[in-house]
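Colleague: The following block contains the structure, expressed as structure tokens.
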Amino acid sequence: MGSGIPQVVRALDDDLERHQQSWLVSLRLSLHKVGLASGGLLAGLSIGREGTTVQVQRA
């Protein structure tokens, strides 16, 4: 499972009906994802596949 690319790949399958495809990939869904991710980042949440991973570089 997952979102993003896996959702689009599934939506392109021929065995899905039109309403099922629009449930997986739509402008409305994209706008919701952008809004939720932006809100989370503004709140200081660690968002993304890597989660709380932090890279530290020595000088």
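The values are calculated or read from the model by the stated rules, or taken from the named source; none is laboratory data. Keep in mind it's a predicted model, so treat the numbers as computed, not measured. Cβ placement follows ideal geometry from the backbone for every residue including glycine, while neighbour counts extend to all protein chains displayed.
Colleague: Name the residues in region 8-26 that are part of a helix (DSSP H, G or I) and within 13 Å of the chain's Cα centre (by Cα), would you? Break it down stepwise before answering.
Modeller: Filtering region 8-26 down to residues part of a helix (DSSP H, G or I) leaves 8-11, 18-24.
The answer is V8, L24.
Colleague: Okay, moving on. What are the pairs with Cβ atoms under 8 angstrom where one residue, in region 37-54, is loosely packed, with under 10 Cβ neighbours inside 10 Å and the other, located anywhere, is at pLDDT below 90 and of a type outside the set (V, I, T)? Sequence gap at least six, or different chains.
Modeller: Close Cβ pairs (under 8 Å, with a partner that is at pLDDT below 90 and of a type outside the set (V, I, T)) amount to T52/S46.
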